[in-house]
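Some notes on the structure that comes next.
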């Protein structure tokens, strides 16, 4: 019954693009997964995604991509969580009483040896930190809205735990 009130979000992540899609409404945000942070002892988020690019020439800001690393999908957990939160906030809100979203997190690519348990747990924790009430980590082909809604994932991929 809770499923009726949850917003299902399908999140596809690569070092080059982060797409957050509300599968019930079809609204989405798809931009470079960068974040601009103010320099100083207590950095503040200045912008995320395309907004972060506005700060690239600023000496008072640091722009980084927390999902760009040669050996891992993630180079900065805290900044990654902030990027994900910012992207979720960019989506139009359907209802003031909407429950925390249910997220299907889909890291793109197939690293040699597969994703490590550390990467899987970090993605799971990142989604929870961004407000998810439930998280599924999916590896395989892109999912349709129907597959995300029904939780009926194709046998050509797998849910990572």
Given a cut-off of under 8 Å on Cα pairs at least six residues apart, what relative contact order in percent is computed for the stretch 19-112? 23
Distance cut-off 20 Å, percentage of C-alpha pairs in the chain lying past it: 50
Stretched fully, the stretch from residue 134 through residue 78 gains (0.36 nm per residue minus C-alpha distance, one decimal, in nm) 18.2 nm
Sum -39500 (n - 2.57) across every DSSP H segment of at least 4 residues in the chain, then divide by the residue count to get the 222 nm mean residue ellipticity, nearest 500. -6000 deg cm²/dmol
Radius of gyration and Dmax for the stretch 60-115's Cα atoms, expressed in Å? 14.6, 43
Length-normalised contact order of the chain in % [C-alpha pairs under 8 Å, at least 6 apart]: 22
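Values in this text are rule-based calculations from the coordinates and carry no lab data. These numbers were taken from a predicted model, which means no experiment stands behind them.
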